[in-house]
Structures are given as C-alpha cells and as structure tokens.
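Trainee: Next up is a structure, given as structure tokens.
The values are calculated or read from the model by the stated rules, or taken from the named source; none is laboratory data. All figures in this text were calculated on a predicted structure; none of them were measured in a lab. All Cβ positions, glycine included, derive from the backbone under ideal geometry; neighbour counts span all protein chains shown. These accessible areas exclude ligands, DNA and RNA; they are computed on the full protein's heavy atoms, side chains included. Shrake-Rupley method; radii C 1.70, N 1.55, O 1.52, S 1.80 Å.
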Amino acid sequence: ARKQVTLYTYATSFQHTVRVRILQGTTVLLEQRAPIDPVSNGFLLVVVSDTPDQLNYLSGTTLGSTGGSGTATVAHLAPEDLPASSAALAGVDALVFAGTDSGKLSPEVRQAIAGWVLQGGTLVVAGGANGPAAAAGLSDLLPVTITGSEPLDSLDALAAYAGGAPPAAAGLIANQTQLRTDVGATEIVAGAGGPLLARRAIGAGETYALAVDPGAPALRGWDHNTDLWKQILAGHRVQQSPAAARRTQSYYSGSNPYIGSSYYLGQLSPFDIPGIELPGVALVGGFLFLYVLVIGPINWLVLRRMHRPDLAWVTIPALILLFAGMAYVMSYQSKGSQLRLATSTVVRSYSGAPVATVNSYVGIFSPGRQEYTLDFNDDAQITEVGSSVLGGPSNGGGSSARIYQGKPSSIRNLNIDTWTLRGFEAEMTVPYQPVYTAQLQLRQGTITGQITNQGATPLTDVAVVAGNSVQLLGTLGAGQQATVRLSGYTRGPVDLDQALSRLVPGVQLQYYGGSNSAEDRRQRSRAALLLSALAVKQPAGDAPSVVVVGWGTQRPFDLTLHGGLPVHDDTVLVTSLLPVAQEPGAVFLGPSQIPRTVLTGTVRTENGPNGPMLRLADPAVFEYQVPRTLQVSRLILDYEVTNDMPPVLAVWNWQTSDWDEIRDTNNFDPLSPKQLNSRYSGDLPDLAAHLSPEGQVRLRVEPDTTNIDVLYLNRLDLSAEGRQP
C-alpha cells in the first residue's frame, strides 16, 4: 500500500537539508534527507495557475512596501497542492490565482486561505476568459462580484496606474464586475464594465480582483507588467508572525518572539497561575534569617544552658530536617497539589469574514513529575514557549515533547517536572460567526453609532479602541446594544500605553518585586492578551475602523488533557475589527493606492536590521500619482529613517515652478504628539500649490550631508484624503 503524508516545518536561513525518518517504536526503518532552499527576508509569491510560467518574470524583482519589501521568489502550485492550514501558508507573502478553477478547492483549503489573508496575506484573483472559474471558490473574500465578460478596447487606465505607456488591447477579454461596497471595497482602476482593479482590506490582509488575465499576449509582452505588479503589491509588508519567528529564531522585519510590544518583553504573562511565581523576597529572607538564627545562636544558647554542647551532633541534623520539612510545607501550600490546565485565548473575527483566527496560550502546571498527552480537536500549529512568556523561572524542563499535526492535533510524551509549568502556543483558523455587529460612522473626527453583541453569551468589560481613543462600554449581554461616541479619532496604530492604562486600570507592568496578589496576576494576564490583540498592524489604505474587545468564557475549540483531572483556568478575549462608514463620497487612499516612481537619483533597496530599506547616496526625486478624479482635501506624508537625522525635504510648487524646502518638521501639523526625528507622519501644506491639476506630487529627498553621507529610509509614503464626485 502507498500512503502520502504531508508535514509542515520551519527552516532557518542556514538550514539546507531536512531529515525524515520512519520509526517503529525507537527502531529507524527508513531515513532520507531532502534538500530545501529557505527564503529569508524575501518575498514569496505563490502562483496557482494552469500555465506553468505564469508571472515568472517577477522572479528577482523587489516587491512589497517600502518598510517591508523583499526579493521575489515565484513558486507554482496546483490547487490540490495548497495546504488545508492557514499557519502552513504563513511563509507565503502573496497568493495569485490566474487561469485556474478555484472552485476545485476543498472547504478546508478555502478556510485556510481565508485565515491566512486575515493574518496579513495578500490574495490576488486575476480574471479574463477564465475569470469566473478563478473566483468561484474565493468569492467571499473578493472586492467584486463578476457578472460577465466583454472585449476590452483600451488599457490606458491600467497603464496610468502602472506608470507607463499602454499596450494594444486587441483580443483582450475583461470581466464585467460590480464593486462590493457592503464590505468596504474600493475601486483602484476604473473600466467600462466595472473596476479593472479593485481592493478590499480584510483583517490584517487584503484582496485584489484584476479583471484581465496577466497571461494574455497583450499583457505578457508589455514592458510595464512588472511595474503593474509592483504597484499592486506595494502595500504588503514582508514579516513573520511572532509564533513563526519564535519557531525559526529569526526575529527580522520587526517581528518579536513575544506576544506584543518589545517594551513589555518578559514583564507580562498570559497565565494567571500563582504556582509559577517565585516566592517573595521577604518570605525567603525571613525563612533564611530564622533558619540561621535557630540553628546557630539559639541552638548554642539552649545547649549551653543545658550544659550539653555535645548534643549539637543531634540537634543540628534534627533542625536541618525540621526546616527542610517546613520549606516543603510552605512550597506545597504556595504551589498547590492540583493539576491545572490554563488557557489564554485571543479570538479575532472580522466583519464579512467567514472564519476567525485563534491564538491560544496553553499552560499545564503539574504538582508532580509526570507524562501527559494534550489533544486539540482542530488542526493547530503548535509551538512551545519559554520562560519569557510563562512569567516564571523555567519552562518546565523535561524531554522534548512530540507534536502531532493534523485534525486533531496533539502533544504527546509531554514530561513535566514537579511544580513547574510547560506552555505552548496554538494557532488555528476556525469557522466563526462574528460576535459583534455595528453601525458606525465618522463625522468631523467623531465616531458614533451602535455596537451589538449578537452572540449567545454575555461579554464583560467591552471597549472600543481606535488610535489614541478608548471608550469603555461595560458588560454586553446576549443581544444587548451599546451606544458609541468616540471623539478625537486619528487614523493610525493603537497607542498601546494609553490603551492598556484605560483597559486594565492599575496594571503593574513591572511586576518583579511587586505584588503577586490574585488581582495583580489577573491584570497582567489580561494585559498580555490585550497586547496580542491590539498590536496587530492593519494594512495601509484601509477605511476607518475600530477594534472592539471584550471578555468571554467560551473557547472556540475543544481541548483534552490525558494523565489526570485538571482544574481549568480559561481566559478568552473576543476581539473584532469593525469598519466605520465615512461621510458620503469620502475616500482615503493609502500608499498601495498611490503609485510612486523615481524621476531622478539613484535609489537602491538593501537589507537592514529591521528589513529592506531605501538607500539614497544623492538627492532623489519621487513622483506620486493621485487619482485625477479625487477632490483632495489632505495629503499625508509618512517617512521613517534608520537614524536620528531627518532628510532634507522639498516639495515641488507647480505655481512657481520651484522647490519649497521643508527642513523643520514643526512646519507640519503633526498627527501625534510623540514625534521623533527619525519618524514622522503629518500633512503636506498648501494643496493648491503642491498638487498638480493632473494629480501629481513631487518630493525631493536628500541626505543632510553635514551629518551623514548616505540616507536609509524604512518608509517614504504618501496618503490622501478627499471626496469622490
């Protein structure tokens, strides 16, 4: 008989072989080594197509955002080769379906792709003659609905987006599409029969629908097809998930092996178990002081008073045994005699998404040295976590556990020492109906509306978080509704310091030497999960949104521990990213929707300590193309350099035909009070002068040669706000 087994593994950048062994017990029946080629700091583009060379011309091209790009490696898969696990897709940056039938995908693979997109993947579905088939199995994720096909007369609009001369459109078939405004999709390139290119932000990722086939002769031989794909993928940031970084021990592109901000590394634990904490300094010091006092001066004085100093040969061993017994009793009382199974779970759901992503930290605290088996009912990617996440002095010791992949997944041969904890992180994607529904709108910096708990159980300490603003809603019962009024909304990442202080009042972030009360442990556990939920970066160019968090009691997966009857300690954080409607016609365009080209200067992409970056050794001029139909009310510049020396910036003035130099960033209206020389986000002044009638903005960037010779930029982006007539 023949049996095919699929295994998923992670490789470091220096690993070029993997060894596979078939065992019967401990006997090796067969061993084989297979070569592998790890993609490190690169952009992995997977193409699912019936055409074997589709998009091969992108190999070696730099793709991705300014602050997280990489050299592209193009890989080809058939639909049946795609994994049924979103975590197994975690190494893929972009997934392109072109000229194949996605309707052949199994429900498990569709669920895996949806979970991968939610966690930051970029999905592109290309159309043309086979467009309906390519979209058949992925329609829930797409920004458009395909209604038919028609010949295309001109590629002028698509060429303008790519920044080059258009090819002849003879014989080219385009899909007729209808934009899905109900899920916040946006049109990027307009066509006669609907959008030629549309985008939808979903979770931390994004999906694109391209109405033409990139393998058609008109596009395959086009000089600017590479520029087209560079622009489509310009918003994707190449980075690993924290769990993947922990597995590979390669924390690049800003990834952190912990669950949140590096500032809190080692200070918060998701496990609220008193037994894993070290005893207090006062308790240990007092015990040692009493031990020395009794076994020394007191013992000597008593024996001297009895005139029997020779009994010290008996009393000293007896006192040692007595204090050893006291130490054991004290440890037994503080550590406990119960087997505990603690889970701290973050459930992330998204409006319009059929699945939720789940990260669960599972800790097993054993009162004695024993072997256990832990079973998950779902297909979970499991990673053991160390002491920095456990919040204790050890990860529990013992031999390496065996992790079994599949559905169900399990951890076997799990040996745990006495009074120690071994912890694991499980990642999975599960079918899930979002708990929160909302009708929210943004007007003049204030978000108003209603949020409803449509789940079957109540949620406690519910809160709405957006940028620097937090609103506490309290408890929401099943079917209960709450009113939202969030003032001072600013577009940008969540301010974690401010959010934590509001969501967990009084939390002690520096717990060493602090209180270890039950309430303090509960606060630190909650703060750890909130960091995991709020530190997720959203894709650039998405519509306004808020994050809703609330505490529930029901895990979305089943878990069974074999080897004893544990006491369960479950903490569940239910969170959702909810869209916010803007005023009619209001539009926000992020960097991926505004093409950028280099007009003059030598600009190179190099790998840096935090990922790829732009290198400028001399002045360079960049041109940004804002859609001509947008009535712009605001242009937002966002840059980040690798040192504390800001670049010398100048914006082209179309009225005076000269450069307006901007040396002092205080001339800008800052979006955040926390400004650093190395990082800035703010408005470009005088739109009438700096935005051409054709929608062009030119920015000159040059190193400050009085201090540095070469300028390295992690990010140089332009965003726009306005109205679409």
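Trainee: Can you give the FRET efficiency to the nearest 0.05 for residue 331 and residue 8, using r as the Cβ-Cβ distance and R₀ = 35 Å?
Mentor: Values: r = 41 Å, r/R0 = 1.16.
According to the calculation, E is roughly 0.30.
Trainee: Search the structure for amide H atoms under 5 Å from the amide H of residue 406, placed 1.01 Å from N in the peptide plane, and list their residues when 5 or more places away or on another chain.
Mentor: HN-HN under 5 Å from residue 406: 380.
Trainee: Using the basic label-point model (7 angstrom from Cα toward the beta carbon), what is the residue 32 to residue 338 distance in nanometres?
Mentor: 5.0 nm
Trainee: Quick one: if the Förster radius is 41 Å, what FRET efficiency do residue 597 and residue 437 give, using the C-beta to C-beta distance and rounding to 0.05?
Mentor: Working: r = 42 Å, r/R0 = 1.03.
Here the calculated transfer efficiency is 0.45.
Trainee: What residues have an amide H closer than 5 Å to that of residue 468, excluding those fewer than 5 places away on the same chain, when H is modeled at 1.01 Å from N in the peptide plane?
Mentor: 490, 495
Trainee: Quick one: which residues, 5+ away or cross-chain, put their amide H under 5 Å from the amide H of residue 648? H built at 1.01 Å from N.
Mentor: 702, 704
Trainee: How big, on average over all directions, is the shadow cast by the Cα convex hull of the range 145-235, in nm²?
Mentor: On the way: hull surface 22.5 nm².
Computed as one quarter of the Cα hull surface, the answer is 5.6 nm².
Trainee: For a bin width of 10 Å, list the pair-distance distribution of the range 1-152 built from all Cα-Cα distances, rounded to whole %.
Mentor: The distribution over the range 1-152 is 10, 33, 33, 17, 6, 1, 0, given as percents.
Trainee: Something else about it: Could you tell me which of rounded, prolate or oblate describes the range 50-126, using a ≥ b ≥ c as the square roots of the eigenvalues of the alpha-carbon gyration tensor, with rounded for a/c under 1.5 and, failing that, prolate when a/b is larger than b/c and oblate otherwise? Mind showing how you got there, number by number?
Mentor: Details: a/c = 2.21, a/b = 1.25, b/c = 1.77.
Oblate, because a/c is 1.5 or more while a/b does not exceed b/c.
Trainee: Between residue 322 and residue 287, what is 0.36 nm times their sequence separation minus the Cα-Cα distance? Round to one decimal in nm. All intermediate terms of the calculation are to be shown ahead of the outcome.
Mentor: Details: separation 35, 0.36 × 35 = 12.60 nm, distance 1.24 nm.
Separation in residues times 0.36 nm, less the Cα-Cα distance, equals 11.4 nm.
Trainee: Per-residue accessible area for residue 598 at 1.4 Å probe radius, Å² rounded to 10?
Mentor: 70 Å²
Trainee: Counting other C-beta atoms within 10 Å, and keeping those with at most 10, which DSSP coil trypsin sites (Lys or Arg not before Pro) do you find in the range 5-79? Intermediate results must be reported in sequence, preceding the final value.
Mentor: On the way: sites: 19, 21, 33; in loops: none.
Answer in residue order: no site qualifies.
Trainee: Between residue 417 and residue 147, how many nm apart are label points set 7 Å from Cα along the C-beta direction?
Mentor: So the two model labels end up 6.8 nm from each other.
Trainee: Suppose R0 equals 45 Å; then what is the FRET efficiency for residue 59 and residue 565 from their Cβ-Cβ distance, rounded to the nearest 0.05? Spell out each step's value before the answer.
Mentor: Numbers: r = 56 Å, r/R0 = 1.24.
After rounding, the FRET efficiency stands at 0.20.
Trainee: Now a separate question. Would you rank 633, 532 by solvent-accessible area, highest first, keeping every protein chain in place and using a 1.4 Å probe? Write down the numbers at each step before the final one.
Mentor: Details: 633 80, 532 10 Å².
Greatest to least solvent exposure: 633, 532.
Trainee: Determine the distance separating the Cα centre of the range 1-72 from the Cα centre of the range 443-464; give it in Å without decimals.
Mentor: 42 Å
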